[in-house]
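In what follows, a single structure is set out as structure tokens and then discussed.
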Amino acid sequence: MVDLDLDACLERLYKKQLLAECVLREICERTKELLMRESNVVHIRAPVTVVGDIHGQYYDLIEIFRIGGYCPDTNYLFLGDYVDRGLYSIETISLLTVLKLRYPERVQLVRGNHESRAVTQTYGFYTECMRKYGSQQVWQYFTDMFDFLTLSVVIDNSIFCVHGGLSPTIHVLDQIRIIDRFREIPHEGAMADLVWSDPDPDKEEFSISARGAGYTFGKLVVDRFLHLNNMDHILRAHQLCNAGYQVLFDDKLSTVWSAPNYCYRCGNLASILEVGVNGERFFNVFDAAPENDRNPQQAQLKENDPIDYFL
């Protein structure tokens, strides 16, 4: 068993230094033990700062801490999609995992559709692990840990937070609580819908999604879900927003997107959502961290083919 000094790990990670493979193994094992005790619906209290997709954009994660405050001074809720697409998925997920271990009551990590073996084998995390560690072991440690991440968080019994969206098979929170989440994300069903679905302002009900997984859902679906669960807002990530955020359905649903200049070439803004003790919501909008411009690898990425941001 490795003797873990979490503060020393954080010091390294804040300098963008990789942790040893044996250390990551121990971190992932301990994180699984911690996450295993969490419900599929975790209840927390405001104030809390909510973060959307990060996608391996390490410098922009540090920018989030610069503008929103560092842990443990600020409580954070991360809505998933920590890896893939960006250049620093390992540094990003390592930092977030150690923060969760160090400050378990102040950091909440929700599962996104990219916290999956199938997706990470295609969109960058697996390849990055092979390149930086020379084997698939680190990828295995993290993807095994992903199976333990919670599916949703409720803030002050009034704001439902999830990575993607709603499901035609879920009407009340108890139906989320009974999902067997400790596995790879399935291709269909309630668990898949929570991480894959999207709101559609032109629809009223559920419709087939162009993503090939999950559904799109409209205003009537949102109104019904909020009424049945006695809540007043849905907060999710999962969709690129050029302004960094989007509010729909008469202020009943918000999307928060936290990866500025997505894939180092989309040119979009990003935001974090600060939820106050009285339920007030403030989108803190920010641009890409200046460190991104000093990296020649990112300049090369911009020259590649356009990306399909649906995934």
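The values are calculated or read from the model by the stated rules, or taken from the named source; none is laboratory data. Not measured: the values here are computed from a predicted model. Please note: Cβ atoms are built from the backbone with ideal geometry, for glycine as well, and neighbour counts cover all protein chains shown. Please note that ligands, DNA and RNA were not included when accessible areas were found on the heavy atoms of the full protein model with its side chains. Shrake-Rupley method; radii C 1.70, N 1.55, O 1.52, S 1.80 Å.
Which members of region 149-169 meet the condition of being open to solvent by less than 10 Å² (accessible area, probe 1.4 Å), touching a helix residue (DSSP H, G or I) at 6+ places or on another chain (Cβ under 9 Å) and closer than 23 Å to Glu205 by Cβ?
Leu151, Ser152, Phe160, Val162, His163, Gly164, Gly165, Leu166, Ser167
Please find, within region 38-91, the residue that is surrounded by the most Cβ atoms within 10 Å (Cβ to Cβ) out of those that are within 19 Å of Phe282 (Cα to Cα) and aromatic (Phe, Trp, Tyr).
Phe78
Scan region 106-159 for residues that are assigned to a loop (DSSP other than H, G, I, E, B), touching a Gly at 6+ places or on another chain (Cβ under 8 Å) and under 22 Å from Val172 (Cα atoms) and jot them down.
Selection gives Arg111, Gly112, Asn113, Leu149, Asp156, Ser158.
Filter region 170-203 down to residues that are surrounded by 22 or more Cβ atoms within 10 Å (Cβ to Cβ) and touching a His at 6+ places or on another chain (Cβ under 9 Å) and give me whichever is farthest from Glu33 (Cα to Cα).
The selected residue is Ser197.
Could you give every pair whose Cβ atoms fall below 8 Å, whose first residue belongs to region 107-118 and is more than 14 Å from Trp196 (Cβ to Cβ), and whose second residue is open to solvent by less than 10 Å² (accessible area, probe 1.4 Å) and in a loop (DSSP other than H, G, I, E, B), counting only separations of at least 6 or pairs across chains?
Partner pairs satisfying both residue conditions: Leu109/Gly80; Leu109/Tyr82; Leu109/Leu149.
Specify the residue that is nearest to Ala118 (Cα to Cα); the eligible residues are those in region 58-91 that are among the polar types (S, T, N, Q) and in contact with a helix residue (DSSP H, G or I) (Cβ under 7 Å, 6 or more places away or on another chain).
Ser89
Between residues in region 70-95 that are on the phi > 0 side of the Ramachandran plot and residues that are basic (Lys, Arg) and open to solvent by less than 10 Å² (accessible area, probe 1.4 Å), which pairs lie under 7 Å by C-beta distance while being six or more apart or on different chains?
Gly80/Arg111
So, in region 93-133, how many residues would count as being open to solvent by less than 40 Å² (accessible area, probe 1.4 Å) and touching a His at 6+ places or on another chain (Cβ under 8 Å)?
Residues meeting the conditions: 7.
How do the pairs read when you match residues in region 283-300 that are more than 18 Å from Gly69 (Cα to Cα) with residues anywhere that are modelled with pLDDT of 80 or more and open to solvent by 90 Å² or more (accessible area, probe 1.4 Å), using Cβ under 9 Å and keeping only pairs 6 or more apart or on different chains?
Cβ pairs passing all conditions: Ala299/Asp293.
What number goes with the only condition from (1) over 15 Å from the mean Cα position of the chain (by Cα); (2) on the phi > 0 side of the Ramachandran plot that Glu63 does not pass?
Condition not satisfied by Glu63: (2).
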